[in-house]
Amino acid sequence: MSWLIFLLIGLILIWIGLKVSEEVVQLSTAITAAILLVWGLVLTPQSLLLLIEIITILAVFRICMRCCECD
């Protein structure tokens, strides 16, 4: 069940990173969220792995698209 905790904290940090306007805080939350998401993916049971990976990729993709719009 620890995999769920790591994934939830990682997704919450992504949400916080999207709400914050300072770039340093966004970068630090994105890095921390990435570490926690990878850790959660490693611990995820095989039967749920594909679903969790799709949710994670969609969440991270939002951050990438938001960064591209800043230019």
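The values are calculated or read from the model by the stated rules, or taken from the named source; none is laboratory data. This one's a predicted model, so the numbers in the text were calculated from it and none came from an experiment. Because the Cβ atoms are built from the backbone with ideal geometry, glycine has one as well, and the counts that use them run over all protein chains shown.
Tell me the residue from 16, 55 that is β-branched (Val, Ile, Thr), assigned to a helix (DSSP H, G or I) and at pLDDT below 90, please.
That would be 55, the only listed residue that is β-branched (Val, Ile, Thr), assigned to a helix (DSSP H, G or I) and at pLDDT below 90.
Let's see how each residue does on (1) touching a Ser or Thr at 6+ places or on another chain (Cβ under 9 Å); (2) surrounded by 10 or more Cβ atoms within 10 Å (Cβ to Cβ); (3) of a type in the set (S, T, N, Q):
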| site | (1), (2), (3) |
| --- | --- |
| 35 | no, yes, no |
| 41 | yes, yes, no |
| 46 | no, no, yes |
| 59 | no, yes, no |
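Would you say residue 14 is of a type in the set (A, V, I, L, M), at negative phi and in contact (Cβ under 8 Å) with a residue 40 or more places away in the chain? Yes: the conditions hold for residue 14. Taking segment 19-52 as the search range and keeping residues that are part of a helix (DSSP H, G or I) and among the charged types (D, E, K, R), which one is modelled with the highest pLDDT? Out of the qualifying residues, it is 19.
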